[in-house]
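Single-structure report; data block below.
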């Protein structure tokens, strides 16, 4: 036995065939209709007829209503996120190197000029997403950061006070009460006084994800995110109840959120399979319904022969969140290669990373961790290169360039090299 399915999930259904066409048509309407169309969509889709752009007064009033205890918690999480983002920024530097005498090349790190951050606000108030996106852009040095979040009925300013406070605290320059495709379009097309965004970041529903995908190329994006997913790798030393709760705690995101347990212990698999439905049933609604549906249809338990087989399964799945509850954590950290964010040991949990530990929670889903990582300061920085050539390096460089160009059939390229070679020869 290498790996067998102790509990099998149902394959996730394909995205609705008409989603892309619907989103494309709405984006086209928003681009031609501008702010008037965005206001109409806000009214028709979100029931919001109030202000779109949050004024300084609205923000100040919302900030005053947020309990101090919550402000203190936000400050703690914000500091962790900012410090980790700064450490990432400090890990990359501008470089200059003389490759040969007279041939110097280098790289510069230039922040994008305008970032657009989408903060979900549907079933849950995503305070953490506000911190993860705006804070990281601010640390990267982006001059203008816009943020949009769906208006919610009953919120005095349109956006829930806690989200509005967090966006302001983390440094958003402009905040709009707009959700869905219209929110993405406002940032991409520069509506309501915003500069056109150079990059769009942040999680959202399938319509938001598809809007970002369709706009990619015209603007940069962090990633095309699907439903959140989480995998726990656990051996016989793991506590079954802890494992069960870590799976169900992520399944509450929604009925389309896959969770996996990969283990080499049949007894653990059996007990987690028993406990997970009980954990889900203990949640309040609507969390309970979401977690029960996700576990029943998408939850999987995979039984492996040994830890190497477990690691192969984890790499194959390439989860957004990968939590190891097993012995020899250093081995797992060095062996595992495909995940959005790694959580080592029982003391850690995905929720820490989701909310307050400091690493970013905007992560690749649906197996995309095979080829990309999550949101970081690097997403907001352009690594650009430059070169300078003096007469000392030019003869050989020009000769090689001309020869390669002619071999390729690119005579124009060759002649630009020849021209410089002749000029240097004439000066000797």
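Does residue 134 count as closer than 15 Å to residue 85 by Cβ and part of a loop (DSSP other than H, G, I, E, B)? No.
Listed by position, the helices (runs of 4 or more DSSP H) contained in the stretch 264-355 that have at least 1 residues being closer than 19 Å to residue 248 by Cα are 266-281, 287-298, 307-317, 350-355.
Taking the condition under 24 Å from residue 236 (Cα atoms), out of contact with any helix residue (DSSP H, G or I) (no Cβ under 6 Å at 6 or more places or on another chain) and surrounded by fewer than 20 Cβ atoms within 10 Å (Cβ to Cβ), does residue 335 pass?
No.
Looking only at residues of the stretch 26-52 that are crowded, with 17+ Cβ neighbours inside 10 Å and not in a helix (DSSP H, G or I), we find that the one that is modelled with the highest pLDDT is 52. Among the residues of the stretch 176-196, is there at least one that is over 19 Å from residue 36 (Cα atoms) and modelled with pLDDT of 95 or more? Checking the stretch 176-196: not a single residue is over 19 Å from residue 36 (Cα atoms) and modelled with pLDDT of 95 or more.
Looking across the stretch 157-176 at every residue that is free of Cβ contacts under 8 Å to residues at least 60 places away in the same chain and surrounded by fewer than 20 Cβ atoms within 10 Å (Cβ to Cβ), the one that is farthest from residue 145 (Cα to Cα) is identified as 171.
State whether the residues of the stretch 262-281 include one that is within 25 Å of residue 372 (Cα to Cα) and buried (at least 19 other Cβ atoms within 10 Å of the Cβ). Yes: the stretch 262-281 contains one or more residues that are within 25 Å of residue 372 (Cα to Cα) and buried (at least 19 other Cβ atoms within 10 Å of the Cβ). Scanning for something surrounded by 24 or more Cβ atoms within 10 Å (Cβ to Cβ) and part of a helix (DSSP H, G or I), does the stretch 199-206 turn up at least one residue? Within the stretch 199-206 (the criterion being surrounded by 24 or more Cβ atoms within 10 Å (Cβ to Cβ) and part of a helix (DSSP H, G or I)), the answer is no, since none of the residues qualifies.
Of the residues making up the stretch 88-127, those that are farther than 18 Å from residue 378 by Cα, assigned to a loop (DSSP other than H, G, I, E, B) and within 17 Å of the chain's Cα centre (by Cα) are 119, 120, 121, 126.
The values are calculated or read from the model by the stated rules, or taken from the named source; none is laboratory data. These numbers come from a predicted model, not from an experiment. Backbone-built Cβ (ideal geometry, glycine too); neighbour counts: all protein chains shown.
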